[in-house]
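Written out below as structure tokens is the structure these notes cover.
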Amino acid sequence: MSNPDISVVVPLFNEAESLPELVAWIDRVAKGHALSYEIILVDDGSSDGSWAVIEQLREQYAAVRAIGFARNYGKSAALYCGFAAAGGEVVFTMDADLQDSPDEIPELRRMILEEGYDLVSGWKKRRHDPVGKRWPSKFFNWTARAASGIRLHDFNCGLKAYRRQVVKAIEVYGEMHRFIPILAQQAGFRKIGEKVVEHRARKYGVSKFGIERMVKGYLDLVSVMFLSRFGRSPMYFFGSLGTLMFLVGGATTVWVIAGKLWKQAHGLPLRPVADQPLFYLAILAIILGVQLFLAGFLGELVNRSSVDRNKYLVDKTL
């Protein structure tokens with residue numbers, strides 16, 4: 001069986017009300033543009049009957065495929081498994097809450113195939129969100145642009161299109177779904193663009209994200225930027241910093257002891273080494289330097305013997 005033209009990966013958590021409308025909308029758009037397609041619904045441990053709705057949709061639409069987690073793992077885990085299952089020439093992601101419009105699919109696909117983009121991210125230029133959510137998001141996106149050098153206005157937009165090779169090459173884990181463009185760039189896919197897309201007001205349910213998302217976002221940004229520079233060789237960071245601290249601490253210790261011996265040899269008043277705070281700071285620097293060096297060494301060992309860290313308990317598939 002040949003691969004479909006497009007795969008639409010939809011991570012969801014307690015979105016039973018919106019699923020029938022979303023699947024029907026994607027089906028209508030795909031058929032209207034004569035595209036073969038598959039919809040991969042990834043149920044992230046929903047408790048509202050979403051899986052029962054998915055089973056009904058599977059009977060109604062042959063293109064629907066589904067993965068159900070035994071518990072809630074988060075959006076990154078859902079995308080990871082959805083990407084692994086996707087076989088389309090162009091892969092799309094969109095949220096299940098109907099705030100992303102499937103009508104954007106044909107143009108995003110055209111940008112991938114005709115303009116040669118590896119990834120096209122949606123930009124919700126006009127958002128139907130409260131000010132308390134919009135302004136922190138703007139600041140977060142500004143920080144991500146400054147740190148990564150990728151000129152996107154909306155890193156966290158759920159509506160994205162990818163060349164198939166991209167989703168097979170990147171590894172999404174933890175809360176890294178916010179930084180997929182950065183992960184793609186690190187994997188060697190450098191033609192990343194964006195398109196202004198429609199942002200629709202939520203029709204059913206409530207948002208699953210709170211203010212803690214912003215805190216996690218910045219911590220994840222630090223993590224992804226660190227991994228981009230030192231993930232493959234942690235010794236470059238920890239080993240260099242540890243060596244520097246060890247040398248500074250060692251030189252300071254020698255200087256303190258040498259100063260005491262010189263004063264003692266010339267009969268000058270001297271202060272016991274053990275009474276000098278600088279001596280203890282120097283010893284602390286030596287200890288920390290050794291620990292940082294060992295951390296880098298252990299990181300190298302782990303990096304070279306690591307296995308797939310993303311194992312999720314999937315207890316049902318369609």
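The values are calculated or read from the model by the stated rules, or taken from the named source; none is laboratory data. What you see is a predicted model, and the numbers here were worked out from it, not measured in a lab. Reconstructed Cβ throughout: ideal geometry from the backbone, glycine too, with neighbour counts over all protein chains shown. Heavy atoms of the whole protein, side chains included, go into the accessibility calculation; ligands, DNA and RNA do not. Shrake-Rupley method; radii C 1.70, N 1.55, O 1.52, S 1.80 Å.
Some notes on this structure:
- Under the condition of being open to solvent by less than 30 Å² (accessible area, probe 1.4 Å), within 23 Å of Tyr80 (Cβ to Cβ) and of a type outside the set (D, E, K, R), the residues counted in region 17-45 number 10.
Residue-wise test of (1) over 26 Å from Ala295 (Cα atoms); (2) open to solvent by 50 Å² or more (accessible area, probe 1.4 Å); (3) modelled with pLDDT under 70.
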position: Ile192; (1), (2), (3): yes, no, no
position: His199; (1), (2), (3): yes, no, no
position: Arg202; (1), (2), (3): yes, yes, no
position: Phe230; (1), (2), (3): no, yes, no
position: Gly267; (1), (2), (3): yes, yes, no
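- Residue in region 208-219 that is more than 15 Å from the chain's Cα centre (by Cα), open to solvent by less than 40 Å² (accessible area, probe 1.4 Å), at pLDDT 85 or above and not polar (S, T, N, Q) present: no
- For region 239-256, the criterion of a residue being modelled with pLDDT of 75 or more, surrounded by 14 or more Cβ atoms within 10 Å (Cβ to Cβ) and either assigned to a strand (DSSP E or B) or within 13 Å of the chain's Cα centre (by Cα) (or both) is satisfied by no position.
- Flag for Ala63 being more than 23 Å from Tyr117 (Cβ to Cβ), of a type in the set (Gly, Ala, Ser), open to solvent by 10 Å² or more (accessible area, probe 1.4 Å) and touching a strand residue (DSSP E or B) at 6+ places or on another chain (Cβ under 7 Å): yes
- Looking only at region 141-175, residues that are open to solvent by 10 Å² or more (accessible area, probe 1.4 Å) and in a helix (DSSP H, G or I) come to 10 in all.
- Filter result for the condition that a residue is without any contact (Cβ under 8 Å) to a residue 60 or more places away in the chain and not in a helix (DSSP H, G or I), over Leu268, Leu261: Leu268
- So Ser76, is it over 23 Å from Lys203 (Cα atoms), polar (S, T, N, Q) and either modelled with pLDDT of 95 or more or open to solvent by less than 10 Å² (accessible area, probe 1.4 Å) (or both): yes
- Residue selected from region 80-109 under the condition within 13 Å of Val42 (Cα to Cα) and hydrophobic (A, V, I, L, M, F, W, C), by the criterion surrounded by the fewest Cβ atoms within 10 Å (Cβ to Cβ): Ala84
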